[in-house]
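What follows is a short report on a single structure.
Please treat every number below as a calculation from the coordinates, not as lab data. Please read these numbers as outputs of a predicted model, since none were measured by experiment. Please note: Cβ atoms are built from the backbone with ideal geometry, for glycine as well, and neighbour counts cover all protein chains shown.
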Amino acid sequence: MNGLLLDEAPAQTVGEACSLDHYLVQPDESMDARIRAARETLGAEAVVLGHHYQRDEVIRYADFTGDSYKLAKAAAESNARTMVFCGVRFMAETADILARPWQQVILPDLNAGCSMADMAEIGQVEDCWESLERQGTVNSQQGTATNGQGILPLTYINSAAEIKAFCGERGGLVCTSSNARAAFEWAFRRAGKVLFLPDQHLGRNTAYALGIALGEMVVWDPYQINGGVTPERLRAARVVLWKGHCSVHQRFLPEHVDRVRREEPGMQVIVHPECRWEVCQKADALGSTERIIELIEQAPQGSSFAVGTEIHLVNRLAERFRPLGKRVITLDESGCLCTTMYRISPQHLAWALENLIDRRVVNRIQVEDKVKHWARVALDRMMEIKR
Ligand code: 13P
Ligand code: SF4
């Protein structure tokens, strides 16, 4: 493979970038040869990371594919100078937090955000914490002592870097859908309560699987005074769930599982734990995107699955496993699309890579140093827990 020499590699954002508009008017197919050529020129200097929800026209160029945990690990271990993240902003931010100082992270379209991550703003979370402190829920020694009292903040990786830093600074940590259980166990070894941000569904599903009753969980609504939770309920609660959700996974309903049970006897239902509790209770298995893939891979020929997660992954699994005698369908026939992931197009990828060859770094994601420090602490705690 060709490649730029290290000392001639792109360093910082310089000059005017080739206009994205020139790329966006080109057909998808015309990007193929350009992306391949750019990758060849960049060689080991640049690595492309792709989340499982990316569309086919983009994921085919990824050096590494995975769920959020696997991609965070790939970013932490990468030796490439530039990581081009085909995913959403919180993933690119995570890569930047875990990167070494000489590395840089690019998100090909800055509009690729995550609506769930946007549901917890740092100001709201600080207000919530203050309210918890006023009500005596926060241990005064939080962050230094681990005496089984008070509350620890735990955030899903699908959150802004500031939220991760907030958790790190207060003795808490980050989790993904693949290690949420271990993260809850970690937190409960140190505190009596957990504040889980920002996905109420993942928090509820995980805590319930650990034996915590629904009545021991409260939902904190940042748009209500004191989260809309009475002091009595807060005192009795073991888990405070932030009122956030994934708009893609929340669309799966218990009725969808009932329909599969009725119309497709023998079919297994696998859903992502970002789905509602009622849906997860009816499913045969829950798992992160990587786990969903593994479960289907490991199943014998003749198995069939209704999968409750983003439609690009489900369609790809259907195609991949059809020749192997396994049937995969979507749990909701209307197909749930993550519109923000979808924003990354082959044109955006070609634009980012070709600019990199010309020593221009477009759409660099850079987390502020003071945020980075505590966010890194929270991510390191996650990396250290046993899954
Ligand atoms: P995982 O790939 O970690 O399961 O996460 C799914 C998701 O919704 C990413 O935003
Ligand atoms: Fe965010 Fe949901 Fe899209 Fe994942 S699928 S990036 S949680 S909006």
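Assign one of three labels to region 53-116, namely rounded, prolate or oblate, based on the Cα gyration tensor with a ≥ b ≥ c the square roots of its eigenvalues; rounded applies when a/c is under 1.5, prolate when it is not and a/b is larger than b/c, and oblate otherwise.
Prolate, because a/c is 1.5 or more and a/b exceeds b/c.
Shown here for region 31-128: chymotrypsin sites (Phe, Trp or Tyr not before Pro) in loop regions (DSSP other than H, G, I, E, B) with at most 15 other Cβ atoms within 10 Å, namely TRP102.
Listed peptides 262-271, 378-387 appear in the order 378-387, 262-271 once ranked by packing, highest mean of other Cβ atoms within 10 Å at the front.
Close amide H contacts of ILE106 (hydrogens built in the peptide plane, cut-off under 5 Å, sequence separation of 5 or more or a different chain): MET83, VAL84, PHE85, ILE365. If only the Cβ of Lys and Arg carry +1 and only the Cβ of Asp and Glu carry -1, the dipole of the chain around its Cα centre is close to 1140 debye. Computed on the chain, with alpha-carbon pairs under 8 angstrom and 6+ residues apart, the relative contact order is 24 percent. Around the amide H of LEU195, modelled in the peptide plane, lie the amide H atoms of LEU152, LEU154, VAL240, all under 5 Å away and 5 or more residues distant in sequence or on another chain. In terms of the Cα gyration tensor, with a ≥ b ≥ c the square roots of its eigenvalues, is the chain rounded because a/c is under 1.5, prolate because a/b exceeds b/c, or oblate? Oblate shape, in that a/c is at least 1.5 and b/c is the bigger or equal ratio. Taking θ as phi - 60° and the Karplus parameters 6.51, -1.76 and 1.60, the scalar couplings of region 92-104 work out to 5, 4, 4, 4, 5, 5, 8, 6, 7, x, 8, 9, 9 Hz in sequence order, x denoting glycine and proline.
Among MET83, MET217, sorting on how many other beta-carbon atoms sit within 10 Å of each Cβ, with the fewest leading, yields MET217, MET83. Phi angles of region 256-271 translate, via the Karplus equation with coefficients 6.51, -1.76, 1.60 and θ = phi - 60°, into HN-Hα couplings of 5, 5, 4, 5, 4, 4, 6, 9, 10, x, x, 6, 8, 9, 10, 10 Hz per residue; Gly and Pro are given as x. As a proxy for reagent exposure, HIS312, HIS22 were ordered by neighbouring Cβ count within 10 angstrom, fewest first; the result is HIS22, HIS312.
Which of rounded, prolate, oblate describes region 178-332, given a ≥ b ≥ c as roots of the alpha-carbon gyration tensor eigenvalues and a/c under 1.5 marking rounded, otherwise prolate only if a/b is larger than b/c? In terms of gyration-tensor shape, prolate. The distance linking region 29-56 with region 175-195 is 36 Å (Cα centroid to Cα centroid, whole angstrom). Our summary gives region 193-321 a relative contact order of 24 percent, counting only alpha carbon pairs under 8 angstrom and 6 or more residues apart.
Sorting GLU121, GLU162 from the fewest to the most surrounding beta carbons within 10 angstrom yields GLU121, GLU162. Under 5 Å between amide hydrogens, which residues at least 5 positions from GLY244 or on another chain qualify, with H placed 1.01 Å from N in the peptide plane? The answer is GLN200.
When each of the peptides 222-234, 29-41, 174-186 is scored by the mean number of other C-beta atoms lying within 10 Å of its residues, the order from highest to lowest reads 174-186, 29-41, 222-234.
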